[in-house]
Amino acid sequence: MAMQARFRNLTREVPIPHPWDLSSYLDDVAQYRGRSISLLPIDTALLAGTGCGTGSGLWIAKQDSDVIVYGADTTEWHAEHIIVHELGHMLLGHGPEQPADGEPAPATPTVATVAELLPSISAESIAHVLGRTDYGTTRERDAETFADMVMLHAMRPPRRDSLLHRTFFRDRRR
């Protein structure tokens, strides 16, 4: 299914709030998924070079909840984009990536390094996210496109239907 169609379907299930409110959107995604989501701002420099994606954010799926780690030392808009990118992974059904044939699993020292930074999160949970290294995979591109679409949708003014549209299509809004 094309990304635009997936996006439309997801925004029917979890509408983007107008006016934009990240906290409200997080609550709605958490309710939709039946799992709490917590945010953990961290110095981006601590993530760089540890194998944690691009060094700006990551999603850690714990047994019964989710944690989004993101760079605290960035702009508010960029932080929200990073968080929505990770929400995109959740809503698009991305689980842990498996290494391609012949590729090694994340190295134990890398997991240990991140576990030291995030002691409240199990090393097993951390190991699930360390395979993401860049935007080269389809899943990363999809999550980035999702975040772009959400942020663009959230920033545009709400569409007002014309009287003609409201008259002839009112039953379709339910």
Residues of the range 142-155 satisfying the condition of being open to solvent by 50 Å² or more (accessible area, probe 1.4 Å) and either over 12 Å from the mean Cα position of the chain (by Cα) or polar (S, T, N, Q) (or both): T145, L152, M155
Residues satisfying the stated conditions in the range 25-38, i.e. surrounded by fewer than 13 Cβ atoms within 10 Å (Cβ to Cβ) and in a helix (DSSP H, G or I): Q31
Pairs with Cβ under 6 Å, 6+ apart, first in the range 1-17 and touching a residue at least 12 places away in the same chain (Cβ under 8 Å), second open to solvent by 30 Å² or more (accessible area, probe 1.4 Å): M3/T145; F7/M149; V14/D28; V14/Y32; I16/H153; P17/S24
Matching residues in the range 39-60 - criterion: being modelled with pLDDT of 85 or more and surrounded by fewer than 21 Cβ atoms within 10 Å (Cβ to Cβ): L39, L40, P41, I42
Residues that are in contact with a His (Cβ under 9 Å, 6 or more places away or on another chain) and part of a loop (DSSP other than H, G, I, E, B), drawn from the range 7-17: I16
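The values are calculated or read from the model by the stated rules, or taken from the named source; none is laboratory data. As the structure is a prediction and not an experimental result, all values here were calculated from the model. Here Cβ is always computed from backbone atoms with ideal geometry, including for glycine, and neighbour counts include all displayed protein chains. Just the protein is used for accessible areas: all its heavy atoms, side chains included, with ligands, DNA and RNA removed. Shrake-Rupley method; radii C 1.70, N 1.55, O 1.52, S 1.80 Å.
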